[in-house]
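Below is one structure, written out as structure tokens; comments come after it.
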Amino acid sequence: MVYYLGLAEINYFVDLRNRIIGSRLMDLGMDPYYFKWSKAWPLTLCDPIDICNFRNNLTTSPPSLLWLIRPIARLDYMSIGYIWVLLHYVFFLLIVLPIHQAFRDEASKSRVLAAAIILLLTPQWSETILKGQCHFILPTAMSLMIFTAAGNGRYKYFICGLLLSIAVWLRPNAVLLAPFLLFCRLDKKQFFGAIALAAILLGTMEWYFHLNDWVSFYHTCREWVKNNVADITVIFCHGDIVTEGKSLEGSTRALDYISNQSEQGNIFHLVQSKWNYSVPPLPMLVVFICTFAVLVWFSFRYQFRNMHDALFIGYFAYWMAALTSPILRLTYYFPEVFPIILIFAGNYFQMNRTERYVFNTACILLVLDLIPVNLVVAESLFIGCMLLYTWNRRERHSSS
């Protein structure tokens with residue numbers, strides 16, 4: 001953490017910029033998604049890598065997240081960078097500690113902590129901090145849900161329902177996890193009652209205060225799908241010069257902070273970058289729908305014994321949606337897999353030989369940069385290990 005705080009003054013957090021500008025625009029009562037900066041506006045609203053030939057700007061976070069970060073968006077950009085680094089480590093602890101506490105024996109807890117330290121050294125963790133990403137929301141909710149469900153609290157499933165609702169509010173595609181929780185052993189009245197209550201409260205608030213922003217968010221998502229399918233050559237509007245930041249202003253190119261080890265993480269852009277072929281969207285949509293249907297059938301046929309098995313299958317559906325979507329998906333999404341890796345580390349000696357082999361291979365690939373797309377392959381192997389683990393748990397439970 002000290003290392004990244006030291007970099008905060010000389011790093012631009014290039015992807016955080018559009019979120020902060022979107023939040024500032026919301027504060028001013030302006031459209032966060034279709035605003036285009038000109039010299040008539042202050043530099044605090046300028047994104048140096050905004051794309052001129054796109055109708056929308058680069059803000060992709062939902063209105064709920066933009067509203068939530070309004071207090072820090074009012075600060076100067078360098079102060080925001082320091083806060084964002086600290087937030088990453090706060091949420092990292094909120095991911096790790098619940099999983100750690102969910103295990104009872106010291107050996108499993110030690111393996112969870114060892115895995116957590118290794119995850120802090122991965123290039124994906126470095127990238128998500130230095131680019132100013134926020135892919136810690138869903139894994140935090142997953143970890144807290146797993147920990148809460150494993151406890152003995154009277155209202156534990158009500159709390160889990162609230163956690164999932166907040167995750168969906170801040171990251172709408174997390175709704176893909178919800179259907180699979182119908183097929184696990186939990187107090188459904190508590191769980192879905194909490195979801196209904198949160199939907200009413202949050203839905204009413206958003207309807208009255210941010211309805212236009214949500215409509216605009218829907219349209220900008222459609223724009224991003226269209227732009228990614230068309231593979232439009234981007235034209236940066238403002239000379240790509242950093243416009244806010246005491247050590248960088250006016251002298252540094254924002255694009256210098258995009259160059260990193262990131263890899264394309266979905267089928268559209270991976271195929272486009274490697275073979276220069278544009279994959280049609282419809283077949284990918286069919287692949288996702290068929291996969292989702294098979295997962296729902298599997299979940300209905302084999303009821304899950306606990307929540308984290310259901311969350312694993314739900315996360316696979318979530319991952320498949322990103323894999324088959326035209327929207328750009330880079331390897332800074334990797335922190336969303338952290339809870340799965342930590343659970344594998346804790347249960348390492350309860351996994352069978354094949355599961356451990358796949359898991360170990362994925363861990364090794366994380367550090368083998370000489371292998372093409374090693375980060376994407378490693379993440380895919382972790383997801384494959386998750387499916388094997390869930391399937392084999394079903395077989396072990398059936399035999400017992």
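Read-outs: derived from the displayed coordinates by stated rules, not from any lab. On a predicted model such as this, the values are computed, not experimentally measured, just so you know. Don't worry about glycine lacking a Cβ; one is built from the backbone with ideal geometry, like all the others, and counts go over all protein chains shown.
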TODO: Given the peptides 178-191, 321-334, arrange them by the average over their residues of other C-beta atoms within 10 Å, most packed first.
DONE: 321-334, 178-191
Open item on the list: If packing is taken as the average count of other Cβ atoms within 10 Å, what order do 34-47, 163-176 fall into, highest mean first?
Closed with: 163-176, 34-47
TODO: Pull the list of the chain cysteines that no other Cys approaches to under 4.7 Å, Cβ to Cβ.
DONE: C46, C134, C160, C184, C221, C290, C363, C385
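Given N residues in the chain, what is its alpha carbon radius of gyration divided by 2.2 N^0.38 Å? Walk me through the numbers on the way to the answer.
Details: Rg = 21.3 Å, N = 400, 2.2 N^0.38 = 21.4 Å.
Cα-based Rg divided by the globular estimate yields 0.99.
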Open item on the list: Contact order normalised by length for the chain, with contacts defined as Cα pairs under 8 Å and 6 or more residues apart; what percent is it?
Closed with: 23
Task: Amide H contacts under 5 Å for F304, placed H, 5+ residues apart - done: C184, R185
Task: Ellipticity estimate at 222 nm from DSSP helix runs (n ≥ 4, -39,500 (n - 2.57)) divided over the chain, nearest 500 - done: -20000 deg cm²/dmol
Open item on the list: Can you tell me the orientation of helix 211-230 relative to the chain, as the angle in degrees between its alpha-carbon axis and the longest Cα principal axis, to the nearest 10?
Closed with: 90
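Rg/Rh for the range 146-203 to two decimals, with Rh computed the Kirkwood way over all alpha-carbon pairs. Before the final figure, lay out the partial values.
Numbers: Rg = 10.8 Å, Rh = 11.4 Å.
Radius of gyration relative to Kirkwood radius: 0.94.
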- [ ] Starting from the amide H of F236, placed 1.01 Å from N in the peptide plane, find each other amide H under 5 Å away whose residue is 5 or more places distant or on another chain.
- [x] C52
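What order, most packed first, do the peptides 200-210, 310-320 have when packing is the mean number of other Cβ atoms within 10 Å of each residue?
Numbers: 200-210: 12.4, 310-320: 23.3.
Ranking, from highest mean packing down: 310-320, 200-210.
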